[in-house]
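Below is one structure, written out as structure tokens; the observations come after it.
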There are 2 protein chains.
Amino acid sequence: MARNSLSDFGPSDPATSADRFPAGPSSGGRLPEATVSRLPVYLRVLTGMAERGVVTVSSDQLASGAGVNSAKLRKDLSHLGSYGIRGVGYDVEYLIYQVSRALGLTQDWPVVIVGAGNLGRALANYGGFATRGFRIAALLDSDPAIVGTPLGRLAVRHSDDLEDVVARHKVAIGAIATPAASAQSVCDRLVAAGVTSILNFAPLVLNVADGVDVRKVDLSIELQILAFHAQRRSVERNGRAPRGALRTVPKEAGRFPAAAAAKSAVEA
Amino acid sequence: MARNSLSDFGPSDPATSADRFPAGPSSGGRLPEATVSRLPVYLRVLTGMAERGVVTVSSDQLASGAGVNSAKLRKDLSHLGSYGIRGVGYDVEYLIYQVSRALGLTQDWPVVIVGAGNLGRALANYGGFATRGFRIAALLDSDPAIVGTPLGRLAVRHSDDLEDVVARHKVAIGAIATPAASAQSVCDRLVAAGVTSILNFAPLVLNVADGVDVRKVDLSIELQILAFHAQRRSVERNGRAPRGALRTVPKEAGRFPAAAAAKSAVEA
DNA sequence: ATCACTTTGTGCATCCGTTCACAAAGGCGT
DNA sequence: ACGCCTTTGTGAACGGATGCACAAAGTGAT
């Protein structure tokens, strides 16, 4: 399982020479999705270490910094190539470089942000943006009262410029920070303009054609997941109900003996 | 696999009577984590349908609205109990109620938001907050210039009040929207004050004791995952390099023949 | 009543991800 | 030079999640 689908070479595979060199590996191999989602975390911990002058790091140290199991970390890194030194650990700078390369961060990614409300502005001001290869190409909004507002190095532009901005800056990534009502149409326009990666902050499920990659960041969903666990914990510890008063239940639920209720509801 | 770990009853298990009644099921059973993370999505689609007056929904319709496979949806819902009607579908209102209950949303969850920058204010203004059982108990910030600013129904209070707010409002959920530098200490204070569920927006890995549930929302990580896929797609289609100019690589990587480099770096 | 049709709930096979545990690899001291 | 110690890289066992496909359960028409 050295790189990927090449049949495996047995344990003492002497690192196929082509592997040892800077330009080399990690490009052809398909990374497991779970690994991809952890690499950015490793990267963050590593850059923190580099800033503090750490030169070498072991899988145990890095794993505990990232909050994962060290075997998992080693397996994740092994998918990129064999960059550790047994008995020593990993060279921090070198590993940063390799992880960045695997993630595609050795190039610039222009990003367009649609929606300049609080959230859009929070994104635009977000420091971690520029530091890791992402550059804000434009911040768009449809509200004429907001258009023109300066924000960092750039000013809010009108949504009408969307297609123009995407084409001119070769934007591949769009962030949707509009209200839910306009999110789908913004999404459609982004996709039509050629954007194939979308980060959706609006609280709804976007419909896109195949080949477009959508990730959602949804605060309300995260809160609900937290609520579930909080409830579970408190049901476990105490007898039953947690804290706070019961909310009124949506409409008049509670009188459904399931079958009967739904039967009567089929038309109405 | 009717409720959960009770050995399975074979296919025609006649819905253990206790199952059919409103107060009943879904409380004892452990839901798979993957299911929990999807329930909020179903809930959102369902409430949208309810608002549009839809009374009954089939697993196919709901699944396509939520962007998942219908078998998965049915299996997810089956963990809550048997609330569908064969040949018909699910009663929308009733299902909303059951999903809400499973997630613990039939009670109020006071939330404290720490950090009243753009992000904190975006959270505070976020509509979907109140609608689903979450209530903002307070919005805190340590900057005296911001403290006192009115925001919706409430004003920004000083971070010093954290412990007081948590105790007085019985807050169980905290959202950290501070800069990375102060996030860990805010987290420690929240935990010390009794908060056991934390939503972290700051770009760092929080250290918490066992029993505290942390979820992170990290825009930079999401962008990096998108970049990975965008890169992969573009490498697949074209010969190699995608768009945009190469960035300068962190420090002077590229001259590491791995072993030699790390060797020399071990001390320095 | 019976039959055709729709849709749920789930057994089963498969896949992906996690974790353990260990052999191989390399550094370091004597 | 040799043996001890540390740490990587990975085989292998396991557990959970996914998705197919179908029997059971229900509706509705005749």
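Taking B:Ala167 in one copy and the same position in all the others, each labelled 7 Å out along Cα→Cβ, what are the pairwise distances from the first, in nm, shortest first?
6.3
Considering only protein heavy atoms, what per residue accessible area in square angstrom results for region A:109-219 with a 1.4 angstrom probe?
40
How large is log10 of I(q)/I(0) for region A:58-142 at q = 0.18 Å⁻¹ when the intensity is taken from the Debye formula with one equal scatterer per alpha-carbon?
Log-scaled intensity ratios, in q order: -0.83.
Would you work out what percent of the accessible area of region B:27-102, with all protein chains in place, is carbon or sulfur (probe 1.4 Å)?
With neighbouring chains kept in place, the figure for region B:27-102 is 49 percent.
Name the shape class, rounded, prolate or oblate, that the alpha-carbon gyration tensor gives for region A:92-180, where a ≥ b ≥ c are the square roots of its eigenvalues, rounded holds for a/c under 1.5, and otherwise prolate holds if a/b is larger than b/c and oblate otherwise.
prolate
Would you kindly work out, in nm and rounded to one decimal, the distances from the label point of B:Gly48 to those of the same position in each other copy, ordered shortest first, with label points 7 Å along Cα-to-Cβ?
Copy-to-copy label distances for B:Gly48: 3.6 nm.
How far is A:Glu236 from itself in the other copies, in nm, if each label sits 7 Å out from Cα along the Cα-Cβ line, shortest first?
4.0
In the structure shown, do any of A:Lys170/A:Lys216; A:Lys72/A:Lys170; A:Lys216/B:Lys216 have a Cα-Cα gap over 25 Å, and if so which?
As for pairs spanning more than 25 Å Cα to Cα, those are A:Lys72/A:Lys170.
Chains B and A: buried accessible surface, both sides, probe 1.4 Å, rounded to 100 Å²?
9300
Please work out whether region B:27-102 counts as rounded, prolate or oblate from its C-alpha gyration tensor, where a ≥ b ≥ c are the square roots of the eigenvalues and a/c under 1.5 means rounded, while otherwise a/b larger than b/c means prolate and anything else oblate?
rounded
When all protein chains stay in place, what accessible area (Å², nearest 10, 1.4 Å probe) is found for A:Ile146?
A:Ile146 has an accessible surface of roughly 40 Å² with all protein chains in place.
Output the Cα-based Rg and Dmax of region B:78-125 in Å, rounding Rg to one decimal and Dmax to a whole number.
17.2, 51
With r defined as the distance between the Cβ atoms of B:Ser70 and A:Glu163 and R0 fixed at 30 Å, what FRET efficiency is calculated, to the nearest 0.05?
0.25
The values are calculated or read from the model by the stated rules, or taken from the named source; none is laboratory data. The shown structure was predicted, so the numbers you read here are calculated from the model rather than taken from an experiment. Because the Cβ atoms are built from the backbone with ideal geometry, glycine has one as well, and the counts that use them run over all protein chains shown. Protein only, heavy atoms only, side chains kept; ligands, DNA and RNA dropped before computing areas. Shrake-Rupley method; radii C 1.70, N 1.55, O 1.52, S 1.80 Å.
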